[in-house]
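All of the numbers you see were taken from the coordinates with simple rules; none came from a lab. What you are looking at is a predicted structure, and each value in this text was computed from that prediction instead of being measured. Cβ: placed from backbone, ideal geometry, glycine included. Neighbour counts: every protein chain shown.
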Amino acid sequence: MDQNEKVSYEKLIQQYIEDQKLPDLFESYTKQLILNQPADPIQFLIDHISSKRSQRLIFFTGSTKEKRKEVVDQIANAFNYEVINLEDDEQLKSKKSEIVNQNVKTLISKVEKHFRGVIVNGYPYDFETAIFAQQNGIIPDRIFVFNSSQDDLKAHYSQVYKDNLELVERAITRDSLNQKEIRQMYNGFHDYFNVSNITKQELTENIKSILKLKDKRIVPLRSPRVLIIRPPHLRQRAHQLYQQIAQKYGFNAVSIYELLDKHIQQKTHIGKFVYQAMKNHSKIPDEIIIGLLRAQILNTSSKQRGYVVEGFPKCQSQLKSIQNYAINPHFIIILDDEDENLLNQYKLLKVDPETGRYYEANDSSLTNQVSHRLKAQQKQDQQWIDEIVSYKELIGEAEKQFGEIAQRYKLNVDSNEKIIKSVDVFLNNPKIYS
């Protein structure tokens, strides 16, 4: 084989790898082996591939069960999908979400293999059910979110609640908030339709086209995943760094602080809960943070472009979740400093008494309204020292768990330029992707 033939042959191999998305395929199978740890890995993979080869999972949610059902039945007939129809929407939402979640999980597992796909009609219907689905690996290929006009919803709920206007308005507001949170959770995976503005035939044909359409965009062989761990409350340096990394490599930029802040500003169900927790100086549950994070890193854009996450993990339980939820970083940047330097920086922090948040003097997120509220922090030195000790334990455990891909840098010594050069070296090392 001469040089030209060799080059041509290598291009064909490369094209095949890209077309078939083999890196993602192998990564998926490896995750299944690690999570399940079967005694016979080969037989496990044979069974896994046989059951998953062509079966897809599709969610339909929003609007009313009646409006969804006609469309769902036509889609199921067209594609030979099994349909899991849950109870009437109002009965469903009156139940504990834990019961509904377990029921859905059981029903999906029982679907016979000869069906090409599974449609779950009416799920997820709120933040809790969406979080459960993601935490338990119930990840849909697509989620279709329906909405109806205010007049249609008012007519529907007036019948359900026998013209009790207070209950009608409450139901419409609840549905609106739930839909907003579901769309945020499944960013990149959902399609949104206002079913009051489109005929059933047009809607059905649109959904058929979406399900028939194969994603022909080339997935890069390497989609790097970078985490930045930083000391509590010291956001600015990490924020600058993650923005520079995202811009340099074209990664999706994910900031835990910004995700939570967005929900607070939009006054979502999550935002109200987070705001109250912060105001009371309570810990924000890991389930919320991990759920929001996974929605960002599992979307199509992050899978194709890679991502950099700033501000995660913040504690030992979140560190453990990196393995539990298959958040597999290729490189971890740990920002640290001498204890005395960290203590001095903490002493200079100011606090917003309304939200309980701490701010650095150069915090770029500060608005005039917040600036006027800021007061000098009142914590004793020992309280800050305790936080520093906890942080040192966290990053020590991260280094122990991830070895050479977890690199520590000093805030007062190592420049962003130096850190990014290290990132360059690691991300261009093929070994870290194996």
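Here's the list of aspartates and glutamates a cross-link from LYS418 could span, going by alpha-carbon distance under 15 Å and ignoring same-chain residues fewer than 8 apart: ASP336.
Would the range 361-400 count as rounded, prolate or oblate if I go by the C-alpha gyration tensor, calling it rounded below 1.5 in a/c and otherwise prolate when a/b exceeds b/c, oblate otherwise? Judged from the Cα gyration tensor, the range 361-400 comes out oblate (a/c at least 1.5, b/c at or above a/b).
Could you give the length gained on full extension between SER196 and LEU33, defined as 0.36 nm per residue of separation minus the Cα-Cα distance, in nm? The partial results should precede the final answer.
Values: separation 163, 0.36 × 163 = 58.68 nm, distance 4.54 nm.
Result: 54.1 nm gained on full extension.
With unit charges on the beta carbon (Lys/Arg positive, Asp/Glu negative), name the residue among GLY356, VAL71, VAL83 whose Cα is farthest towards the positive pole of the charge dipole of the chain. So the residue furthest toward the plus end is VAL71. Find the centroid of the Cα atoms in the range 371-394 and in the range 326-369, then give the distance between the two in whole Å. Each part's Cα centre sits 10 Å from the other's. For the pair LEU348 and THR300 in one chain, pulling the backbone fully straight at 0.36 nm per residue adds 13.2 nm over the alpha carbon distance.
Here the label points at PHE44 and PHE26, each 7 Å from Cα along the C-beta direction, are separated by 1.9 nm in the simple model. Out of every Cα-Cα pair that the chain contains, those further apart than 35 angstrom amount to 40 percent. Could you tell me the calculated FRET efficiency between VAL160 and GLN383, based on Cβ-Cβ distance and R0 = 51 angstrom, to the nearest 0.05? With R0 = 51 Å, the Cβ-Cβ based efficiency is 0.45.
For the range 116-125, the Karplus equation 6.51 cos²θ - 1.76 cosθ + 1.60, evaluated at θ = phi - 60°, returns couplings of 6, x, 10, 10, 9, 8, x, 8, x, 10 Hz by residue, with Gly and Pro reported as x. Taking 28 Å as the limit for the C-alpha separation, the pairs LYS379/LYS400; LYS65/LYS262; LYS208/LYS303; LYS154/LYS283; LYS96/LYS154 exceed it in the case of LYS379/LYS400; LYS65/LYS262; LYS154/LYS283.
Annotation for GLN14 and GLU287: the two label points, set 7 Å from Cα along the Cα-Cβ direction, are 4.7 nm apart. Cross-link reach is defined here as a Cα-Cα straight distance under 16 Å, omitting same-chain residues fewer than 8 places apart; for LYS375 the aspartates and glutamates meeting it are ASP352, GLU354, GLU360, ASP363. For the chain, modelled as a GNM whose springs connect Cα atoms under 10 angstrom apart, the maximal fluctuation among VAL254, VAL413, VAL72 occurs at VAL413.
With charges set only on the Cβ (+1 for Lys and Arg, -1 for Asp and Glu), what does the dipole of the chain come to about its Cα centre, in debye to the nearest 20?
360 debye
Within the listed set GLU66, GLU82, GLU399, the residue fluctuating most in the Gaussian network model of the chain (springs between alpha-carbon atoms under 10 angstrom) is GLU66. Placing pseudo-labels 7 Å out from each Cα toward the beta carbon at GLU205 and ASN416 gives an inter-label distance of 5.1 nm.
Just need the relative contact order of the range 54-212 here, percent rounded to a whole number, with Cα pairs under 8 Å and 6+ apart. Working shown, then result.
Values: 211 pairs, mean separation 51.0, N = 159.
The normalised contact order for the range 54-212 reaches 32 percent.
For the chain, the 222 nm mean residue ellipticity estimated from helices alone, with every DSSP H stretch of n ≥ 4 adding -39500 (n - 2.57) and the total spread over all residues, rounds to -17500 deg cm²/dmol.
Quote the relative contact order of the chain in percent (integer), defining contacts as alpha-carbon pairs under 8 Å separated by 6+ residues. Intermediate results must be reported in sequence, preceding the final value.
Details: 530 pairs, mean separation 63.8, N = 434.
With pairs under 8 Å counted, the relative contact order is 15 percent.
Positive end of the dipole of the chain (Cβ unit charges, origin at the Cα centre): among ASN36, ILE388, ILE245, the Cα lying farthest that way belongs to ILE245. Between ASP175, ASP191, ASP163, the residue with the greatest mean-square fluctuation in the GNM of the chain (Cα pairs under 10 Å linked by springs) is ASP163.
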